[in-house]
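Here the structure comes first, spelled out in structure tokens, and everything after it is commentary.
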Amino acid sequence: MKVELPDPGKNAGKAVKRKQPEKSAGSYSFSDCAEKILLHFSGNAPMHYRDITNKALELGWLKTEGLTPEASMYAQILTEIQRREKQGKIPRFEKLGNGMVGLTIWKSTGLERHIDSFNDKQRKVLMERMMQLNPQDFEELITTLLSKMGFSEVSRTPYGGDGGVDVRGIMTVQAKRWKANVQSPVVQQLRGSLGTDERGLIVTTSNFSKGARDEATRTSSHTPIDLIDGDQLVSLLVEYNLGVKKNRYQLLELTPSFFSDEEEI
């Protein structure tokens, strides 16, 4: 299979790997900071994203060199809400208007918890169905997913005899329908097969050992390898409606800010 990376200008935001914000010792991502602040310092009441950011900076939980950490905080909270909704999950955060943010666990209803539990079971079934696919069909599923994510000119190479490389192009991909965790030698093997200016991706139904993750993130004179584990793979299938569909039932919730004269930030 040949895969070309999406045009950054045309498919902004459609990266294969969901890159996590950098986390240094004693610090957390923007969204994790927001959750911790709301849990420990809000008194179970919504807070403005600026106050959340200022408290996280004051405690040293948030490390950033950006000039507008408040904007980054709010943008990441909103992005996470949208992503989790697309993945059929209940978001951690609730957007309340006028820049106010709360946690959904504060007002989660029995129905919402039932829906979340049902969707979790469906994700497990989706994983079971993937595990039952033969290797060729699994590679075809990954090819379809990459196409949905914005990759162009995706095609399959003949199965077998490819030295373990299942997808080749600017992005070289290995698809592992495994139960056992992927170990560091797999990452090393893929990196050794890469040509000039190529990047690597390993997709697995299982997970990655610590050694594999450490190997994948080595950057000094090494090409980094992107990783998608089983949980991330299922979330991507749900997000792009592959093997699942979202039904027509939606919960309605009033938005008080709609009737307010104040403009939402």
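The values are calculated or read from the model by the stated rules, or taken from the named source; none is laboratory data. The structure displayed is predicted, hence computed values, not measured ones. Here the Cβ positions follow ideal geometry from the backbone for every residue, glycine too, while neighbour counts run over all protein chains shown. With ligands, DNA and RNA removed, areas are computed over all heavy atoms of the protein, side chains included. Shrake-Rupley method; radii C 1.70, N 1.55, O 1.52, S 1.80 Å.
Which one is farthest from residue 106 (Cα to Cα) among residues in region 25-45 that are open to solvent by 60 Å² or more (accessible area, probe 1.4 Å) and more than 20 Å from the chain's Cα centre (by Cα)?
Ranking the qualifying residues of region 25-45, first place goes to 25.
Inspect region 152-173 for any residue being at pLDDT 85 or above and more than 22 Å from the chain's Cα centre (by Cα) and give the result as yes or no.
Looking for residues that are at pLDDT 85 or above and more than 22 Å from the chain's Cα centre (by Cα), one finds none in region 152-173, hence no.
Test residue 144 against the stated conditions and say whether it is polar (S, T, N, Q), farther than 23 Å from residue 245 by Cβ and either out of contact with any Ser or Thr (no Cβ under 9 Å at 6 or more places or on another chain) or assigned to a helix (DSSP H, G or I) (or both). Spell out how you get there, then give the answer.
Numbers: polar (S, T, N, Q): yes; farther than 23 Å from residue 245 by Cβ: no; either out of contact with any Ser or Thr (no Cβ under 9 Å at 6 or more places or on another chain) or assigned to a helix (DSSP H, G or I) (or both): yes.
No, not satisfied.
Would you please name the residue that is surrounded by the fewest Cβ atoms within 10 Å (Cβ to Cβ), looking only at residues in region 91-100 that are in contact (Cβ under 8 Å) with a residue 60 or more places away in the chain and either out of contact with any Phe, Trp or Tyr (no Cβ under 6 Å at 6 or more places or on another chain) or outside any loop (DSSP other than H, G, I, E, B) (or both)? Before the answer, list the steps.
Of all residues in region 91-100, those in contact (Cβ under 8 Å) with a residue 60 or more places away in the chain come to 92-93, 96-99.
The next check asks that each one be either out of contact with any Phe, Trp or Tyr (no Cβ under 6 Å at 6 or more places or on another chain) or outside any loop (DSSP other than H, G, I, E, B) (or both); those that pass are 92-93, 96-98.
Numbers: 92: 17, 93: 21, 96: 16, 97: 16, 98: 14.
The qualifying residue surrounded by the fewest Cβ atoms within 10 Å (Cβ to Cβ) is 98.
Here's the yes/no breakdown for (1) hydrophobic (A, V, I, L, M, F, W, C); (2) more than 17 Å from residue 78 (Cα to Cα); (3) modelled with pLDDT of 90 or more; (4) open to solvent by less than 70 Å² (accessible area, probe 1.4 Å):
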position: 102; (1), (2), (3), (4): no, no, yes, yes
position: 108; (1), (2), (3), (4): no, yes, no, yes
position: 115; (1), (2), (3), (4): yes, yes, no, yes
position: 118; (1), (2), (3), (4): yes, yes, no, no
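Which of the numbered conditions does residue 199 fail, given that it passes all the others? Conditions: (1) at pLDDT below 90; (2) farther than 16 Å from residue 215 by Cβ; (3) open to solvent by 40 Å² or more (accessible area, probe 1.4 Å).
Failing condition for residue 199: (2).
Return a yes/no flag: does region 206-224 have any residue that is open to solvent by 80 Å² or more (accessible area, probe 1.4 Å) and touching a residue at least 60 places away in the same chain (Cβ under 8 Å).
Taking region 206-224 and keeping what is open to solvent by 80 Å² or more (accessible area, probe 1.4 Å), we get 210, 213, 217-221.
Still in the running and touching a residue at least 60 places away in the same chain (Cβ under 8 Å): none.
Within region 206-224, not a single residue is open to solvent by 80 Å² or more (accessible area, probe 1.4 Å) and touching a residue at least 60 places away in the same chain (Cβ under 8 Å).
Answer with yes or no whether residue 124 is open to solvent by less than 70 Å² (accessible area, probe 1.4 Å), closer than 22 Å to residue 247 by Cα and among the basic types (Lys, Arg).
Values: open to solvent by less than 70 Å² (accessible area, probe 1.4 Å): no; closer than 22 Å to residue 247 by Cα: yes; among the basic types (Lys, Arg): yes.
Taking the combined requirement at face value, the residue does not satisfy it.
From the list 22, 4, 65, 85, which one is surrounded by fewer than 18 Cβ atoms within 10 Å (Cβ to Cβ), at pLDDT below 90, in contact with a strand residue (DSSP E or B) (Cβ under 7 Å, 6 or more places away or on another chain) and not β-branched (Val, Ile, Thr)? Give the derivation first.
Details: 22 fails: in contact with a strand residue (DSSP E or B) (Cβ under 7 Å, 6 or more places away or on another chain); 65 fails: in contact with a strand residue (DSSP E or B) (Cβ under 7 Å, 6 or more places away or on another chain); 85 fails: in contact with a strand residue (DSSP E or B) (Cβ under 7 Å, 6 or more places away or on another chain).
The unique qualifying residue is 4.
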